[in-house]
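This report refers to the structure that appears directly beneath it.
The values are calculated or read from the model by the stated rules, or taken from the named source; none is laboratory data. Please read all numbers here as calculations on a predicted model, not as lab measurements. In this analysis, Cβ positions are derived from the backbone assuming ideal geometry, glycine residues included, and neighbour counts consider all displayed protein chains.
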Amino acid sequence: MASQTPMEDAMRSKITTALNPTTLEIHNDSHLHSHHKAMAGSTSQETHFRVVITSEAFKAKMQPARHRMVYALLKEEMAMEGGIHALQLRTRTVEEERRQAEKEREEKGEPVASASVETA
């Protein structure tokens, strides 16, 4: 039986192989955009995606370079008829993800583990 989500499957495979992410979330938001003029006549149900990727492959790279890495991986899927029309990316390193989680816990008033310093 053919996959019901071939575009998402291809994205997941390529990103996983190339970037070895610790976090990979792929959200298909195509249904939110099906009424747009640009989508008139399109039968694809996989055109608009939000993707969250956490990978050490992004270390020491600015956001534009990280996004170019992902766009290069998905070049074929973006070029094909009925392929990816819009791609929203959130790219982080493991350290950036950890800091973001700490910040969110602080904002909620939850205790945040801090680095302990031993004294002699």
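Structural remarks
- In the stretch 77-97, the residues that are at pLDDT below 95, part of a helix (DSSP H, G or I) and out of contact with any helix residue (DSSP H, G or I) (no Cβ under 8 Å at 6 or more places or on another chain): Ala79
- The set of residues in the stretch 51-76 that are surrounded by 12 or more Cβ atoms within 10 Å (Cβ to Cβ), of a type in the set (A, V, I, L, M, F, W, C) and not in a helix (DSSP H, G or I) comprises Val51, Val52, Ile53, Leu74.
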